[in-house]
Amino acid sequence: MVQQADSIHTGLEIDAESQQQSVQQKHSSQLTPKQVLSWLPKNATPAQQDSMIRAHVKPCEITHWSKMPDTLHLPGHKAGKSFRDVSLPQYYRESFFSKDSLFHPELRGGRLGVAGDPVPYTVAGDNFITSLLLLCFVLACIAFSKSKHFVFRQAKAFFRVQREGTTVITETSSEVRFQFFFVLQTCLLVALGYFFYSKASISDTFTIEQNWVICIYAGYVMSYCLIKALLYTIAGLVFFDKKKNEQWLKAYLFLLSCEGVLLFPVVMLLSYFDLSLQVAVIYTIIVLVLVKILSFYKSYLIFFKRNGLFLQIILYFCALEVVPLSALWGGLVLISHYLKINF
């Protein structure tokens, strides 16, 4: 049986070769699959058909393209032109849907693969905030090394009562710049601390980028400090003399600078070491209470110690310390609720 099958297969190949030679004599071009399959009997198996196609049809480069005119247009009309032709009028180059609001050819129509979950935003992964904190740390070290004598002098003078007629040591321009830098650093650190709190308690998604949210918080805290300094100046000029007002403003800037220095470690721990928010809130409250106690003590030394008035210091402290702090907290909460995404 095997010999009979081989003889049949050999006979088919011989017949195919003879037919191929006759066809190639008539047609010098490449054979088509139809011509090759016509040589086989009707009962040829698919394997035999495939072997015949592989043996006689060889792929080659097309050298004779059709030169017939394009007929893919309406009968009786001339062939269209390409939309890339710049000589065409505008209405030819525009599509019917060009002015449709839903037509966006520049957008990709599909997505490759399955969309994954987006990576949640973290301050540790934010290059802008990381660079800003690193810059603050480096500049704070430089500022402290350049003005450490000024800082120690202010710390000593903070707990002393300046007598009348005492010569006041004026600050240099570089020392004033360094102190204003510490104040700006305090505003940024307060904004970052409240940003962590708002993400945990109010909302972790906002209508704008997180960087802009932090910038808005920092701008609001900076406005709070400026308005508070303006209120101190107005109250000092109305009820006290210019010298006492100047002493208090220097003490106020010193307290703001110290507040930023004390808040810097907790912000770094929240950003990069996943410190518990509860511990951070307790630490921040302790720092704020300590700063308010020191401001209460300094305002008493400057304004009310010689007068022996106790009720006025309470009113002064409540009007210029407690009320602005409550306004700061309420404004930050209002901004957070305005910027959050409501689902």
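Among the residues of the range 263-279, write down those that are part of a helix (DSSP H, G or I) and more than 22 Å from A140 (Cα to Cα). Walk me through it before giving the result.
Quick first cut of the range 263-279, residues part of a helix (DSSP H, G or I) only: 263-272, 277-279.
Within the range 263-279, L277, Q278, V279 meet the criteria.
Does any residue of the range 257-275 turn out to be on the phi < 0 side of the Ramachandran plot, surrounded by fewer than 15 Cβ atoms within 10 Å (Cβ to Cβ), of a type outside the set (F, W, Y) and within 37 Å of the chain's Cα centre (by Cα)?
Initial filter on the range 257-275 (on the phi < 0 side of the Ramachandran plot): 257-273, 275.
Then drop every residue that is not surrounded by fewer than 15 Cβ atoms within 10 Å (Cβ to Cβ), which leaves 265, 272-273.
Then keep just the ones that are of a type outside the set (F, W, Y); that gives 265.
This time we only want the ones that are within 37 Å of the chain's Cα centre (by Cα), so: 265.
Checking the range 257-275: at least one residue is on the phi < 0 side of the Ramachandran plot, surrounded by fewer than 15 Cβ atoms within 10 Å (Cβ to Cβ), of a type outside the set (F, W, Y) and within 37 Å of the chain's Cα centre (by Cα).
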Completion exercise
Residue count, the range 187-240, condition over 19 Å from H337 (Cβ atoms), at pLDDT 90 or above and among the hydroxyl-bearing types (S, T, Y), comes to 0
Problem - Residue check, V168 closer than 30 Å to Q247 by Cβ, among the β-branched types (V, I, T), surrounded by 13 or more Cβ atoms within 10 Å (Cβ to Cβ) and modelled with pLDDT under 80 - result: no
Handout entry: In the range 233-246, the residues that are assigned to a helix (DSSP H, G or I) and either of a type in the set (D, E) or surrounded by fewer than 19 Cβ atoms within 10 Å (Cβ to Cβ) (or both)
Key = T233, I234, A235, L237, V238, F239, K242, K243, K244, E246
Practice task
Just one of (1) surrounded by 15 or more Cβ atoms within 10 Å (Cβ to Cβ); (2) modelled with pLDDT under 90 trips up T284, so point out which.
Solution key: (2)
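The values are calculated or read from the model by the stated rules, or taken from the named source; none is laboratory data. Computed from a prediction, not measured in an experiment: that's the story for all the values here. When we count neighbours, we look across all protein chains shown, and the Cβ atoms used for this are built from the backbone with ideal geometry, even at glycine.
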